[in-house]
Amino acid sequence: MKSKLKPFDYTLFTVVIILYGLGLLMVLSASSHLGMLDYSNPYYFFIRQLLFGILGIVVMIVLSRINYKI
């Protein structure tokens, strides 16, 4: 049985990326001072959030391709 992939939802992906970017901006502005004090790196929390966010987006794309109607 051949299963066809549904077309990618670019609108949803764009909204997720915009919200993700705004969230990164907020994390950077809210935690740069604390990162500098605790870790000597003002971008510590930003980089951490960025890496986990990218991982989450990759997982979202992979899971969106799985056929859940078995």
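The values are calculated or read from the model by the stated rules, or taken from the named source; none is laboratory data. Everything numeric here is computed off the predicted structure, so don't read it as measured data. Cβ placement follows ideal geometry from the backbone for every residue including glycine, while neighbour counts extend to all protein chains displayed. SASA here: full protein model, heavy atoms, side chains in, ligands and nucleic acids out. Shrake-Rupley method; radii C 1.70, N 1.55, O 1.52, S 1.80 Å.
In degrees, nearest 10, range 0 to 90: what is the angle between the Cα axis of helix 10-39 and the longest Cα principal axis of the chain?
20
Can you run the Rg to Rh ratio on the chain? Use alpha carbon positions and the Kirkwood inverse-distance Rh.
Numbers: Rg = 17.0 Å, Rh = 14.2 Å.
Radius of gyration relative to Kirkwood radius: 1.19.
Hey, got a sec? Which trypsin sites (Lys or Arg not before Pro) in segment 22-70 land in a DSSP loop and have at most 11 other Cβ atoms within 10 Å?
Arg65, Lys69
Between Phe52 and Asn67, 0.36 nm times their residue separation minus their Cα-Cα distance comes to what?
On the way: separation 15, 0.36 × 15 = 5.40 nm, distance 2.48 nm.
Working it through step by step, the gained length comes to 2.9 nm.
Output the 0 to 90 degree angle, nearest 10, between the alpha-carbon long axis of helix 44-64 and the longest principal axis computed from the alpha carbons of the chain.
0
Could you rank Tyr39, Tyr44, Tyr68, Tyr20 by how accessible they are, 1.4 Å probe, largest area first?
Solvent-accessible surface, decreasing: Tyr68, Tyr39, Tyr44, Tyr20.
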